[in-house]
Amino acid sequence: MKTLVKALILLFLSAVIFGTSGFFIYQLFIRPQRVEKQELAEGTPAPPPDPGGPELERCERLEMEGSLIEARTALQNFVANYGGSAKMAEAKDHLGRINTAIFFSTYPSPEKQEYSVQKGDVLMKIASKMKTTPELIMRSNNMTGPILRIGQRILVSHPNFSLVINRKEKTVTLLDGGKFFKEYGVLEWKAPPARGSSPLTGRVREKMAWKNGQQIGLGARDYGSSARWISVGVPNYTLYSQDTEDEKNPKPAGGIELARSDMAELSSLLNKNVPVTIE
């Protein structure tokens, strides 16, 4: 009888041991293989739909219809509310294009004020009085030169620009009233790398235009094709463009090179003392 009991106990213990081993073997080896085979048979699951997709399509329709102010507002809301969307870069490109289309045309917008040219007015004087730039006034009113006539009605924008330079992402972003305005692509980064987490701050100190090794001013014949510099008051962070066909032009010791069209645009938009943050 005792022998039978011992045999039953040994049989029970063996079943427990081998059963436990079998369970672990199944969980570690057999089950993963079966799950993998099942996933392969079913195919890769489709990613969840991007919630920003339909909204971006709506913004694009507004732009195509010529409703630029409505499209701009919709895209600003997109940038503010769809941070995780895969369409974010595309939305920012659209918003930047719309913002510049509004600013560099006679298209009416809330930030533009009509001004009637008075006796004694010159472009620089109006720009200083209205806290904008002569280039922006010219481009906003399709002017080919700085000459004004008494009684002429011009549109003057009142932006509240600030510039953000991100050292980690190597991006240059323009904000208007704290909202995204446009991001500019960097051709070459010669500015110092990020050191620590504290941002640097400065302001636009000087804007320069170069042609044939000489600094030229607004109204000069070659101003439109000149290479531009924007000094931001922080050493080695000058924004600049180069003229590859003009070796006489100086080059900054350090800085951030942008495309010539982008630098011409920024030079038109940014006034002196615009705040600059280097993250």
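Scanning the stretch 59-97 for residues being touching a Gly at 6+ places or on another chain (Cβ under 9 Å) and closer than 21 Å to residue 177 by Cβ gives a total of 5.
Against the condition modelled with pLDDT of 95 or more and among the polar types (S, T, N, Q), how does residue 277 come out, does it pass? For residue 277, the condition - modelled with pLDDT of 95 or more and among the polar types (S, T, N, Q) - is met.
Please enumerate the residues belonging to the stretch 213-232 that are over 19 Å from residue 138 (Cα atoms), small (Gly, Ala, Ser) and at pLDDT 90 or above. Within the stretch 213-232, 231 is the sole residue that qualifies.
Each row is one residue, and each column tells you yes or no for (1) at pLDDT 90 or above; (2) basic (Lys, Arg); (3) outside the structural domain of residue 203 (by TED's automatic domain parsing).
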| position | (1), (2), (3) |
| --- | --- |
| 145 | no, no, yes |
| 149 | yes, yes, yes |
| 170 | yes, yes, no |
| 174 | yes, no, no |
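Looking across the stretch 128-169 at every residue that is free of Cβ contacts under 8 Å to residues at least 40 places away in the same chain and of a type in the set (S, T, N, Q), the one that is surrounded by the fewest Cβ atoms within 10 Å (Cβ to Cβ) is identified as 144. Would you call residue 145 under 27 Å from residue 77 (Cβ atoms) and of a type outside the set (A, V, I, L, M, F, W, C)? Against the criterion (under 27 Å from residue 77 (Cβ atoms) and of a type outside the set (A, V, I, L, M, F, W, C)), residue 145 does not qualify. Scan the stretch 236-258 for residues that are at pLDDT 90 or above and out of contact with any helix residue (DSSP H, G or I) (no Cβ under 9 Å at 6 or more places or on another chain) and the total you get is 5.
Conditions (1) exposed (fewer than 15 other Cβ atoms within 10 Å of the Cβ); (2) in contact with a Lys or Arg (Cβ under 7 Å, 6 or more places away or on another chain); (3) modelled with pLDDT of 90 or more; (4) under 21 Å from residue 268 (Cα atoms), marked per residue:
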| position | (1), (2), (3), (4) |
| --- | --- |
| 39 | yes, no, no, no |
| 44 | yes, no, no, no |
| 85 | no, no, no, no |
| 93 | yes, no, yes, yes |
| 96 | no, yes, yes, yes |
| 99 | no, yes, yes, yes |
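Of all the listed residues (80, 101, 91, 86), the sole one being under 24 Å from residue 53 (Cβ atoms), hydrophobic (A, V, I, L, M, F, W, C) and assigned to a loop (DSSP other than H, G, I, E, B) is 86. Apart from one condition, residue 124 fits all of (1) within 21 Å of residue 96 (Cα to Cα); (2) not in a loop (DSSP other than H, G, I, E, B); (3) not β-branched (Val, Ile, Thr); the exception is (1).
For the stretch 193-224, filtered to residues that are within 29 Å of residue 89 (Cβ to Cβ) and in contact with a Gly (Cβ under 7 Å, 6 or more places away or on another chain), the residue that is surrounded by the fewest Cβ atoms within 10 Å (Cβ to Cβ) is 203.
Being assigned to a strand (DSSP E or B), aliphatic (A, V, I, L, M) and either free of Cβ contacts under 8 Å to residues at least 40 places away in the same chain or closer than 22 Å to residue 102 by Cα (or both) is a condition met by no residue of the stretch 196-203.
Considered as a group, the residues in the stretch 129-159 that are of a type in the set (Val, Ile, Thr) and in a loop (DSSP other than H, G, I, E, B) include one that is nearest to residue 179 (Cα to Cα), and that residue is 132. Considering the conditions (1) touching a helix residue (DSSP H, G or I) at 6+ places or on another chain (Cβ under 9 Å); (2) of a type in the set (Gly, Ala, Ser); (3) closer than 23 Å to residue 127 by Cα, residue 233 is excluded by exactly one of them, (1). Going through the stretch 225-270 one residue at a time, which ones are among the polar types (S, T, N, Q), in a loop (DSSP other than H, G, I, E, B) and either in contact with a Cys (Cβ under 8 Å, 6 or more places away or on another chain) or buried (at least 17 other Cβ atoms within 10 Å of the Cβ) (or both)? Correct list: 226, 241, 242, 249.
The values are calculated or read from the model by the stated rules, or taken from the named source; none is laboratory data. Keep in mind it's a predicted model, so treat the numbers as computed, not measured. Counting neighbours? That spans all protein chains shown, and the Cβs are built from the backbone with ideal geometry, glycine included.
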